[in-house]
Amino acid sequence: MSAQTSVNSPERSSGQAVDQRAKMLERAMSRHHYAGDALLEVLHTAQELYGYLSPGLLREIARKLRLPPSHVYGVATFYHFFTLQPRGEHTVMVCMGTACYVKGALGLLEVLERRCARAGSTSPDGKVSVGTARCVGACGLAPVIVWDGEILGRVTPQELNRRLDALAVAEVRDDG
Ligand code: FES
């Protein structure tokens with residue numbers, strides 16, 4: 001019976017939308033009979049619905065699927081396609097593969113970490129999520145970043161700064 005109560009997400013901003021998402025997640029778990037081995041699929045659904053897997057959401061899923069919270073957390077952090085923090089409006093990944101590293105990927109990452117957030121997190125203003133990737137298969141264009149899913153090659157720190165300026169990302173602003 002307890003498995004039928006709705007998921008209480010920590011995000012309660014818009015009640016109606018939250019209810020809908022909770023119901024849809026509940027339906028997904030119900031479809032799998034609240035079986036623990038459906039964890040991956042349930043996590044996928046939860047991320048699609050909420051955009052990220054908050055600690056509260058993970059706890060709730062663990063409870064519903066009758067799994068140890070540590071196991072659920074472990075699975076969510078093991079797979080790189082799950083994110084435990086809200087995503088920003090834009091996602092910028094820096095390729096840290098060998099070719100890109102040699103051509104200055106670290107400098108690009110430094111720009112992002114200075115202006116936005118550390119790799120794996122989102123800027124405080126919610127505009128940019130920063131990440132790193134292994135070789136994305138465009139080594140001839142090194143250094144490469146993936147900006148909202150689009151591969152950009154031979155990126156310089158200056159160009160990256162310009163792009164961040166265009167988003168009005170805080171910090172380093174030359175207001176006069
Ligand atoms: S190392 Fe960056 S694309 Fe291959």
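Read the figures in this text as sums done on the coordinates, not as results from a lab. Here the structure is a predicted model, which is why all the values come from computation and not from measurement. Counting neighbours? That spans all protein chains shown, and the Cβs are built from the backbone with ideal geometry, glycine included.
PRE reach from ALA166 (point 7 Å along Cα→Cβ): which of segment 114-150 fall under 13 Å by backbone N? What the label zone holds, given the 13 Å backbone N cut-off, is 147-148, 150. Applying a 4.7 Å Cβ-Cβ cutoff to the chain, the cysteines left without a disulfide-compatible partner are CYS116, CYS135, CYS139.
The lysines whose alpha-carbon is closer than 30 Å to the alpha-carbon of LYS103, local same-chain residues fewer than 8 away aside, are LYS127. Enumerate the residues in segment 25-46 having an amide nitrogen under 17 Å from the point lying 7 Å beyond the Cα of SER70 toward its Cβ. Once the point is set 7 Å along Cα→Cβ of SER70, nothing inside segment 25-46 turns out to lie under 17 Å by backbone N. Cross-link reach is defined here as a Cα-Cα straight distance under 27 Å, omitting same-chain residues fewer than 8 places apart; for LYS23 the lysines meeting it are LYS64. Every Cα-Cα pair in the chain was counted, and those over 21 Å apart are 55% of them. Against the empirical curve 2.2 N^0.38 Å, the C-alpha radius of gyration of segment 90-166 lands at a ratio of 0.97.
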